[in-house]
Amino acid sequence: MQGEDFQWITVELECPDPSEDDWVAVFSPAKFNSSTCPPVIFPGQEAPHLCTAPIKYKFANDSNAEYMKTGKASLKFRLINQRADFSIALFSGGLSHPKLLAVSNTVTFANPKAPVYPRLSQGKSWNEMAVTWTSGYNIIDAVTFVEWGFKGESQTQSPAGTLTFHREAMCGPPARTIGWRDPGYIHTSFLKDLWPNSLYTYKLGHRLFNGSYIWSKSYYFKSSPYPGQDSLQRVVIFGDMGKAERDGSNDSNEDKNYQPGSLNTTDQLIKDLDNIDILFHIGDITYANGYISQWDQFTSQVEPIASTIPYMIASGNHERDVPGTGSFFETNDSGGECGVLAETMFYVPAENRAKFWYSTDYGMFHFCIADSEHDWREGSEQYKFIEKCLASADRQKQPWLIFAAHRVLGYSSNYWKDGSYGESMGRESLQKLWQKYKVDIAFYGHVHNYERTCPIYQFIYQPLCSILTTHVYHLHINAARELVESGDIIPRSGCNKTASCSSSDAYCRGVWRPRTNTELYLRDIDYHPPSVIVYAGAGARTPELKNRCVNTEKTHYSGTVNGTIHIVVGAGGYRLNSDPQLKTNWSIYTKVSGFGFGKLTALNHSSLLFEYKRSSDGEVYDSFTISRDYRDVLACVHDGCEPTTLAT
């Protein structure tokens with residue numbers, strides 16, 4: 001095959017004794033084990049029960065409804081360069097009881113070791129770009145590098161490091177057994193001291209020890225803006241995309257109906273690529289689930305995107321989780337991969353790539369990317385990182401502070417567990433940080449739909465149950481005004497004590513009490529003036545946590561936004577969840593609107609646009625804007641006030 005990256009082939013099939021469950025599989029390497037090995041991790045999955053997992057397969061009657069009569073079929077497959085030869089095999093007996101009938105001649109790419117599928121990512125500084133790619137060349141075969149420079153000018157060369165891993169690095173089946181395939185060699189080069197907003201070209205190079213060179217085709221990228229630069233900046237974010245086959249075939253892992261929107265999302269992003277500067281795929285990257293070859297399939301699928309803009313990833317349950325390996329959740333959703341594939345195939349600027357949390361800057365944005373598959377509770381190593389990351393944002397230069405993780409550590413109506421929405425432990429641990437550092441938006445995947453909340457904060461509510469004067473509360477004047485207007489607190493008659501208040505506001509005069517026989521939940525308890533003194537009874541119960549919108553707007557937020565907006569963008573391509581059955585007062589948009597992705601557009605330091613775009617046609621399904629000034633970021637909000645002193 002003459003193609004460098006991929007090639008279409010046609011398989012002509014003729015069977016003298018056809019059956020409706022005949023199927024045709026692609027294997028690479030060409031030599032395979034056709035013995036029967038049932039799935040051991042996902043017993044109910046529709047997958048070939050073979051001891052060597054095929055790269056892909058189709059049923060013989062897919063292309064010819066008359067196959068049962070004629071025994072003839074013509075099937076098209078799209079093969080990608082995966083560093084080995086290929087063979088095609090015909091089986092009867094369906095997927096569960098496969099019987100090998102025939103094997104084709106082998107085919108191979110002209111250079112199966114060629115450098116392919118580059119993926120860019122932000123380096124550890126704003127003016128550094130990491131380039132990662134895959135080849136068949138080890139360090140004993142060639143010297144590996146990237147040749148790059150300004151478009152149309154002289155080029156320079158930067159060396160690349162080389163990584164790989166072996167079967168023993170896998171933590172369990174199927175990655176360690178039937179799903180294993182040699183991953184080749186993964187190279188990463190760091191292009192440093194980039195000029196901001198500049199167009200660079202690059203190509204991947206291998207200098208063989210006989211003096212000859214192997215080159216990839218040429219690619220290009222635009223370097224990042226200087227942190228704080230005031231210019232148009234566009235960010236795409238989504239989760240749970242997976243991969244799909246352009247030839248309509250099935251994978252060994254799952255059939256083609258499991259990730260039906262993956263190609264729609266990929267193709268829409270490619271179509272809109274000139275209007276995207278950086279992309280975040282926040283977990284559940286490939287859904288390979290231990291079938292190693294599918295990482296090649298995925299990097300091939302996203303190559304037009306990942307070779308042009310930084311393709312940043314986060315770790316999800318389908319990348320990391322294996323029982324007994326240190327993952328926070330004791331499932332085998334990764335199929336034995338235990339994070340090795342994600343950590344090796346993609347670069348992220350983490351201090352330790354096995355701990356998949358990191359920060360990165362892009363112009364007016366500061367991103368804190370968490371790893372939901374490791375402990376994030378207060379006191380943990382990751383919690384300390386998250387606080388340090390949020391605290392490090394210079395909000396005058398980078399006003400837009402974004403948090404992201406795979407699992408819903410905040411809010412989701414579709415993620416109901418143990419009487420709470422989302423990961424209640426995550427919210428209880430992290431919400432104080434989101435509030436303290438005034439995080440604008442928190443993004444999640446994991447739930448396969450789209451949802452947006454109001455700006456929300458989980459307040460500590462104090463129930464006040466009687467009218468006895470044994471407890472005293474200072475209630476923030478704004479909250480008092482609401483409670484007076486609603487009648488939830490009323491003037492306390494016959495009291496000798498007076499209120500302490502620095503405001504002339506009418507609501508701030510006198511002493512108030514809860515309405516008789518009414519349980520009152522007070523919020524915004526604040527010991528800073530202006531305040532209202534409220535007396536509660538001796539029977540006041542333990543404080544409770546309640547979720548509350550802190551802003552009545554739905555499409556445009558201006559001024560101080562004293563809570564974080566939580567957005568689920570897990571509809572990248574995997575099968576969608578149904579509409580949530582539970583209705584909440586804080587969820588603004590929950591309708592499943594098809595596969596899609598989120599897009600942030602920073603117009604300047606004061607204006608941010610969010611859009612949720614449908615993958616099928618790029619139409620905007622939901623949107624909102626935030627408008628504010630730097631003083632609004634500095635403003636004191638509940639649990640988000642800097643300490644003050646009365647000293648002068």
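The values are calculated or read from the model by the stated rules, or taken from the named source; none is laboratory data. Since the structure is predicted, the reported quantities are computational estimates derived from the model, not experimental observations. Cβ sites come from the backbone with ideal geometry, for glycine too, and all protein chains shown count toward neighbours.
Residues considered: ASP21, ASP17, ASP5, ASP62. Of these, the only one that is closer than 30 Å to THR144 by Cα and charged (D, E, K, R) is ASP5. For first residues located in region 151-172 and within 30 Å of ASN197 (Cβ to Cβ), partners that are of a type in the set (Asp, Glu) and surrounded by 14 or more Cβ atoms within 10 Å (Cβ to Cβ) and lie 6+ apart or on another chain with Cβ distances below 7 Å form the pairs GLN155/GLU147; GLN157/GLU147. Looking across region 246-299 at every residue that is among the aromatic types (Phe, Trp, Tyr) and within 19 Å of the chain's Cα centre (by Cα), the one that is farthest from GLU611 (Cα to Cα) is identified as TRP295.
For the structure I just gave you, tell me whether PRO183 is closer than 16 Å to ARG119 by Cβ, in contact (Cβ under 8 Å) with a residue 60 or more places away in the chain, within 28 Å of the chain's Cα centre (by Cα) and outside any strand (DSSP E or B). Taking the combined requirement at face value, the residue satisfies it. The residues of region 125-146 that are surrounded by 15 or more Cβ atoms within 10 Å (Cβ to Cβ) and either free of Cβ contacts under 8 Å to residues at least 60 places away in the same chain or assigned to a loop (DSSP other than H, G, I, E, B) (or both), listed by number, are SER125, TRP126, ASN127, GLU128, GLY136, TYR137, ASP141, VAL146.
Let's see how each residue does on (1) surrounded by 18 or more Cβ atoms within 10 Å (Cβ to Cβ); (2) on the phi < 0 side of the Ramachandran plot; (3) in the same structural domain as LYS56 (by TED's automatic domain parsing); (4) among the polar types (S, T, N, Q):
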| position | (1), (2), (3), (4) |
| --- | --- |
| LEU232 | no, yes, no, no |
| ASP240 | yes, no, no, no |
| ALA244 | yes, yes, no, no |
| GLY248 | no, no, no, no |
| LYS271 | no, yes, no, no |
| ASP277 | yes, yes, no, no |
| ASP284 | yes, no, no, no |
| ALA288 | yes, yes, no, no |
| SER293 | yes, yes, no, yes |
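If you go through region 412-430 one residue at a time, do you hit one that is closer than 20 Å to ASN547 by Cα, of a type in the set (A, V, I, L, M) and modelled with pLDDT under 90? The answer is yes; a qualifying residue exists. The set of residues from region 329-379 being closer than 25 Å to ARG234 by Cα, assigned to a loop (DSSP other than H, G, I, E, B), in contact with a Ser or Thr (Cβ under 7 Å, 6 or more places away or on another chain) and at pLDDT 95 or above comprises PHE346, TYR347, VAL348, PRO349, GLY363, ASP371. SER615 falls short of the stated requirement of being among the small types (Gly, Ala, Ser) and either out of contact with any strand residue (DSSP E or B) (no Cβ under 7 Å at 6 or more places or on another chain) or more than 21 Å from ILE270 (Cβ to Cβ) (or both). Which residues, counting only those in region 203-216, are at pLDDT below 95 and surrounded by 12 or more Cβ atoms within 10 Å (Cβ to Cβ)? None - no residue of region 203-216 is at pLDDT below 95 and surrounded by 12 or more Cβ atoms within 10 Å (Cβ to Cβ), so the list stays empty.
Taking the criterion of being out of contact with any Ser or Thr (no Cβ under 6 Å at 6 or more places or on another chain), in the same structural domain as ALA60 (by TED's automatic domain parsing) and among the small types (Gly, Ala, Ser), would at least one residue in region 107-120 satisfy it? Looking for residues that are out of contact with any Ser or Thr (no Cβ under 6 Å at 6 or more places or on another chain), in the same structural domain as ALA60 (by TED's automatic domain parsing) and among the small types (Gly, Ala, Ser), one finds none in region 107-120, hence no. The set of residues in region 311-329 that are among the small types (Gly, Ala, Ser) and surrounded by fewer than 24 Cβ atoms within 10 Å (Cβ to Cβ) comprises GLY324, GLY326. Taking ALA89 as the residue in question, decide whether it is over 18 Å from SER307 (Cα atoms), in contact (Cβ under 8 Å) with a residue 60 or more places away in the chain, small (Gly, Ala, Ser) and not in a loop (DSSP other than H, G, I, E, B). Against the criterion (over 18 Å from SER307 (Cα atoms), in contact (Cβ under 8 Å) with a residue 60 or more places away in the chain, small (Gly, Ala, Ser) and not in a loop (DSSP other than H, G, I, E, B)), ALA89 qualifies. Go through region 200-257 and give me each residue that's polar (S, T, N, Q) and either more than 30 Å from SER74 (Cα to Cα) or free of Cβ contacts under 8 Å to residues at least 60 places away in the same chain (or both). Scanning region 200-257 gives THR201, ASN210, SER212, SER216, SER218, SER223, SER224, GLN229, SER231, GLN233.
Conditions (1) more than 12 Å from MET241 (Cβ to Cβ); (2) outside any loop (DSSP other than H, G, I, E, B); (3) modelled with pLDDT under 95, marked per residue:
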{"residue": "LEU263", "(1), (2), (3)": "no, yes, no"}
{"residue": "ILE270", "(1), (2), (3)": "yes, yes, no"}
{"residue": "ASN289", "(1), (2), (3)": "yes, no, yes"}
{"residue": "GLN294", "(1), (2), (3)": "yes, yes, no"}
{"residue": "THR299", "(1), (2), (3)": "yes, yes, no"}
{"residue": "ILE313", "(1), (2), (3)": "no, yes, no"}
{"residue": "GLY324", "(1), (2), (3)": "yes, no, yes"}
{"residue": "SER327", "(1), (2), (3)": "yes, no, yes"}
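Taking each residue of region 608-630 that is under 16 Å from ILE588 (Cα atoms) and looking for partners that are of a type in the set (Phe, Trp, Tyr) and surrounded by fewer than 15 Cβ atoms within 10 Å (Cβ to Cβ) with beta-carbon atoms closer than 9 Å, six or more apart or interchain, yields GLU611/TYR621; TYR612/TYR621.
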